[in-house]
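The values are calculated or read from the model by the stated rules, or taken from the named source; none is laboratory data. Quantities reported herein were computed from a predicted structural model and do not represent experimental measurements. A quick note on method: Cβ atoms are made from the backbone with ideal geometry, for glycine too, and the neighbour counts reach across all protein chains shown.
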Amino acid sequence: MIRRLIAVLLLSMTALGALPTHAEPQGPIGWLIIPSIKLYAPIYTAPIDDAGTLTRSDDYHTIDHPINHLEGTAWVDQGWGRVVLAGHNPGVFGRVPDLQGGERIIILSHTSAYEFTVVLVQVIENDRDVLAPTPGFQVSLLTCLHRGVTWLMVDAVPQ
C-alpha cells in the first residue's frame, strides 16, 4: 500500500512540476518524508568547504533551505555510501529527536523512491567524522542540539 502511494506521489509531483525530471541549480534534488513525525520537505544541495563547514552560496542560499544534502556525501541514486541530510532544530528537523528505531524514512529522488528504517539515534560531539564515507548504504540525518554544542544523528538503512 505505502509503495503504491509513494509511486503515485512521485509521478504526480513530476507531472505537476513540483519534482522536475532533472536537477535544477536552485530547485530541490528530492523530497524527505518521515510519516511518524509528519515531515514532508524538499531537499537541496548544500556546498561545504574543505573544513566541512556548510557554506552560503549566492547560487544556492542553502542555509535558508529547510533540508540540506551535504555536498560530497553520497546521494540515494548511487545506492551506496552515506547520504547526509542536515536540518535546523528548532525548525524543519525540530521533531527528528523524537524518532526511534524501526521508524521509516522515505526519500524521493528525481527518478525513484527509497525507503529506510531507523537503526540508531545518538548524540554526538560536533565532529566532522559524520561526513566520512561508510561501507554499505545508509542515510544520516544531522541536526544540532543545545545551540550547536552537540549534534543529534539518526542513522537509517534500506528496508
In the range 136-150, what count of residues is obtained for those that are surrounded by fewer than 13 Cβ atoms within 10 Å (Cβ to Cβ) and either under 17 Å from residue 43 (Cβ atoms) or among the basic types (Lys, Arg) (or both)? 1
So residue 108 ticks every box in (1) surrounded by 15 or more Cβ atoms within 10 Å (Cβ to Cβ); (2) more than 19 Å from residue 35 (Cβ to Cβ); (3) not hydroxyl-bearing (Ser, Thr, Tyr) but one. Which box is left unticked? (2)
Taking residue 45 as the residue in question, decide whether it is modelled with pLDDT under 90 and within 22 Å of residue 134 (Cβ to Cβ). yes
Please state which of the following conditions residue 134 fails to meet, knowing it meets all the rest: (1) out of contact with any Lys or Arg (no Cβ under 7 Å at 6 or more places or on another chain); (2) modelled with pLDDT under 95. (1)
